[in-house]
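Following: one structure in structure tokens, then a few remarks.
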Amino acid sequence: MSFHEIRFPASLSFGSIGGPERRTEVVTLDNGFEERNTPWAHSRRRYDAGLGLRSLDDVEALIAFFEARQGQLYGFRWKDWGDFKSSLPSGDVSPLDQPLGVGDEVADTFQLIKCYGSAGIIYDRPIRKPVEGTVKVAVSGDPQQESIDYDVDLTTGLVTFAHPPDVGAEITAGFEFDVPVRFDTDRIQSSVASFHAGDVPDVPVVEVRV
């Protein structure tokens, strides 16, 4: 897939609106009951980049970024200001934030994930685009040293240990992350007059599978 490992200007994504969407197929039966199913194992996020624009300089920066990505052709990183780290929004990233798995002395590679839960129901979201320098890993609560004990692939979110963790050892991690997205349009329309009047262009952005 065509993807540029560059982040959309965070100053422009701040103030944008968006979040996760699910696809649910609902069939109403003759007796009034419903059958519900989903073809998606994971949610998909959508945003509107236009709402973060505050000046004509911001519009220029958006257009430059849009042209460099050639519209919808190339994906890029997006900072979701409402959900961009493994800890609570008010907290600091800790190597104990998220469980990645349990050691068996064989597996040496683990996917970064973020768990979302309510009433005992857990959804594990794969994190494919961690932010460089933010990933912290622990094995059985013992912090590990990056580039010595483990390495992180910033393009896939895979953590690879120098030696497979011991049997029963709990692997945990903390991190900041971006969302892999692309523009969901091949056209941006804006005008100086309308922008000064308070209108901003509609710039849809959609998450891509990587």
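Worth a mention:
- Residue match in region 102-117 (condition: over 30 Å from THR172 (Cβ atoms) and surrounded by 14 or more Cβ atoms within 10 Å (Cβ to Cβ)): no
So that you can scan it fast, the table gives a plain yes or no per residue for (1) closer than 19 Å to LYS79 by Cα; (2) without any contact (Cβ under 8 Å) to a residue 40 or more places away in the chain:
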| position | (1), (2) |
| --- | --- |
| GLY101 | no, no |
| ALA107 | no, no |
| THR156 | yes, no |
| THR160 | no, no |
| ASP166 | no, no |
| PHE175 | yes, no |
| VAL179 | yes, no |
| ASP184 | yes, no |
| GLN189 | no, yes |
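- In region 48-74, the residue that is modelled with the lowest pLDDT out of those that are open to solvent by 20 Å² or more (accessible area, probe 1.4 Å) and small (Gly, Ala, Ser) is SER55.
- Options GLY50, GLY15: the member that is under 28 Å from ILE113 (Cα atoms) and either over 20 Å from the mean Cα position of the chain (by Cα) or of a type in the set (Gly, Ala, Ser) (or both): GLY15
- Members of region 141-159 found to be surrounded by 13 or more Cβ atoms within 10 Å (Cβ to Cβ) and in a strand (DSSP E or B), listed by number: PRO143, GLU146, TYR150, ASP151, VAL152, ASP153, LEU158, VAL159
- Test for PRO39: is it under 30 Å from TYR123 (Cα atoms), open to solvent by 40 Å² or more (accessible area, probe 1.4 Å) and part of a loop (DSSP other than H, G, I, E, B): yes
- Single unsatisfied condition, PHE14 versus (1) buried (at least 18 other Cβ atoms within 10 Å of the Cβ); (2) in contact with a helix residue (DSSP H, G or I) (Cβ under 9 Å, 6 or more places away or on another chain): (1)
- Unique residue being closer than 18 Å to PRO180 by Cα, exposed (fewer than 11 other Cβ atoms within 10 Å of the Cβ), under 19 Å from the mean Cα position of the chain (by Cα) and not small (Gly, Ala, Ser) when the list is ARG45, ARG22, ARG7, ARG77: ARG22
- Check on PHE195, surrounded by 16 or more Cβ atoms within 10 Å (Cβ to Cβ) and at pLDDT 95 or above: no
- From PRO89, PRO95, PRO99, residue being open to solvent by 30 Å² or more (accessible area, probe 1.4 Å) and closer than 27 Å to GLN145 by Cβ: PRO99
- If you filter region 9-32 down to residues that are touching an Asp or Glu at 6+ places or on another chain (Cβ under 8 Å) and in a loop (DSSP other than H, G, I, E, B), you find that the one that is nearest to TRP81 (Cα to Cα) is SER16.
The values are calculated or read from the model by the stated rules, or taken from the named source; none is laboratory data. Bear in mind that the values here come from a model prediction, so they are computed numbers and not experimental data. Counting neighbours? That spans all protein chains shown, and the Cβs are built from the backbone with ideal geometry, glycine included. Calculation scope for accessible area: heavy atoms of the full protein, side chains included, ligands and nucleic acids excluded. Shrake-Rupley method; radii C 1.70, N 1.55, O 1.52, S 1.80 Å.
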